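A.B. asks: Take this structure first; my questions come after.
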């Protein structure tokens, strides 16, 4: 399971970076979304995967006797997902605006500010 | 009880930005709330600074969760100083933007977002938890995205796309680094990590985490190979926004670098060498970039990059004097860079342009204003006794101590280039006989502004110039402060004891 997830994380990072290097703005956004999911999966994976052991202390003891699933990575991922969702929606609107204003989705043609100099 | 002083500057900014939302359409009310509120914010930060100066590091555990398990807020001397500077820069820019921005830009919640940005900066300085730092960084970048696109001009949107992409990528790398570090150490608390990291056996992965943090903060602070987003975007928004970006956003990256590499990844020779190489290349490339530009704000953008190099150099040498120099330079740079971008806005208001070929003759028209504007530029170069000079003395002595002569050469080279650039700027913008250019029709020139608005633009510049002068002439106090901060940074036990008293 861990092995598969590790491969999956690597594929997501690679695919995300590849898409980000394309010139099209839409592909850039897709790349950002994919690489963000890769990061979330990495947090999950590095928090160690424990099956069927929820972090709940049984009523008759006062501390964990056995190994348990670490809840912290899940809280981190939840926060990261919410934040990246906000950023992604901003990015989509930004790209739409950029397309309306500049009339292109090619990053190479967005250089009017450089030409001014 | 005094612990709560730590949270007041933070909560006050949050309160301000929420209150400002209720006055959404009433720009006049927003202006008053923002300026008065920022002034109170400065008061609260002074109280925090005084408290930390008197009684040492303050720590607040969020919701009273004991240290490694909950989120800690730590106000040590470095954090308190930076919070104070942030609030001062915030007050200046708040007043400045009330006068210099047109109402059309202010109508869409500008002041509210602005205070969210200050909130994010304050939080990033005060937090003692790496994931919480990530969240503050996100608050900072989300607010900055809104500010940089507000108005939606073509150049702005183009700049914003680049700014957005690189900063988003930096966040992802930061998150990756946190994941790796959590996998290794199983903790997120900075003080706890400072204890745990030296005990980790897998040094290779610790190096990987350190390099990932370096790249993430490197993008944010615009160091050598990672700075291209900065000159592509910083001159596109109005100068009030560029002032707060130029003064504080890159410096929060530098702060994070100082904090991480002096507290957590300490005994790492490879990392110090990488930092030194980066510093030298940043100094040279930023300086040369500034040489060829012909737009006032692009020149200042490249100078930001160039001067980040000084602080990285101080961190790379990692002696007591070098770190003190880096801290002093950080203090000086926040004030001066904010001021410079406000000055570029003033030049724009006077002449209607920021390009060298359309400028000239400002000294003839406004001799007193020009003299006011030269002071921050001189302190940027580091002409004694102004503020840029003193940290450079520390850098030069430290580079002799550590025998890092390349740093010495780069520091001198970058100072010299800054001198040349400022001299060129002065000649082109202030002294040159201006060519005749047709006046823009729908543009509010400085001459036609009302006296209150003029004062609102000039007073913040005057205030920050005053602070700059104090940093220069009161250098003994600032050096003392920097040495105290350095003492706290180098002696990590102090920080760890404050956060984890039972350890």
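A.B. asks: How many angstrom lie between the C-alpha centres of the stretch B:60-127 and the stretch B:170-221?
C.D. replies: For the stretch B:60-127 versus the stretch B:170-221, the Cα centre distance is 25 Å.
A.B. asks: Bin all alpha-carbon pair distances of chain B at 10 Å intervals from 0 and give each bin's fraction as a whole percent.
C.D. replies: 4, 20, 32, 27, 12, 3, 1, 0
A.B. asks: Now for a separate question. Under the classification rounded if a/c is under 1.5, otherwise prolate if a/b is larger than b/c and oblate if not, where does the stretch A:2-116 fall, given a ≥ b ≥ c as square roots of the Cα gyration tensor eigenvalues?
C.D. replies: Since a/c reaches 1.5 and a/b is larger than b/c, the shape of the stretch A:2-116 is classed as prolate.
A.B. asks: Here is a follow-up. Within a 10 angstrom radius of each residue's Cβ in B:154-161, how many Cβ atoms of other chains show up on average? Whole number is fine.
C.D. replies: That works out to 6 on average.
A.B. asks: Here's something else I'd like to know. Between the alpha-carbon centers of the stretch A:43-117 and the stretch B:305-357, tell me the distance in whole angstrom.
C.D. replies: 33
A.B. asks: Tell me, B:26, B:307 in order of fewest to most beta-carbon neighbours within 10 Å?
C.D. replies: Listed from fewest to most nearby Cβ atoms, that is B:26, B:307.
A.B. asks: Another question about this same structure. Please work out whether the stretch B:235-311 counts as rounded, prolate or oblate from its C-alpha gyration tensor, where a ≥ b ≥ c are the square roots of the eigenvalues and a/c under 1.5 means rounded, while otherwise a/b larger than b/c means prolate and anything else oblate?
C.D. replies: oblate
A.B. asks: Another one. Going by Cα centres, the stretch B:5-41 and the stretch B:415-429 are how many Å apart?
C.D. replies: Cα centres, the stretch B:5-41 to the stretch B:415-429: 38 Å.
A.B. asks: Determine the shape class of the stretch B:73-200: with a ≥ b ≥ c the square roots of the Cα gyration tensor eigenvalues, call it rounded for a/c under 1.5, and otherwise prolate if a/b is greater than b/c, oblate otherwise.
C.D. replies: oblate
A.B. asks: Let me ask something additional. Equivalent ellipsoid semi-axes for the stretch B:266-350, as square roots of 5 times the alpha carbon gyration tensor eigenvalues: give them largest first, rounded to whole Å.
C.D. replies: The equivalent ellipsoid of the stretch B:266-350 has semi-axes of 29, 15, 6 Å.
A.B. asks: Rounded to a whole number of µm²/s, how large is the Stokes-Einstein D of the stretch B:283-408 at 37 °C and 0.692 mPa s, given Rh as the Kirkwood radius over C-alpha pairs?
C.D. replies: Roughly 211 µm²/s, to the nearest whole number.
A.B. asks: When the helix-only estimate is applied to the protein assembly as shown (DSSP H runs of n ≥ 4, each -39,500 (n - 2.57), divided by the residue count), what is the mean residue ellipticity at 222 nm, nearest 500 deg cm²/dmol?
C.D. replies: So the helix-based figure for the protein assembly as shown works out to -24500 deg cm²/dmol.
A.B. asks: Turning to a different aspect of this structure: Taking other Cβ within 10 Å of each residue's Cβ, how do B:236, B:319 sort, fewest first?
C.D. replies: So the ranking, lowest neighbour count to highest, is B:319, B:236.
A.B. asks: When B:365, B:476 are ordered from fewest to most other Cβ atoms inside 10 Å of their Cβ, what list results?
C.D. replies: Lowest to highest Cβ neighbour count: B:476, B:365.
Every number in this text was worked out from the coordinates using simple rules, so none of it is lab data. Not measured: the values here are computed from a predicted model. Cβ atoms come from the backbone with ideal geometry, glycine included; neighbour counts cover every protein chain shown.
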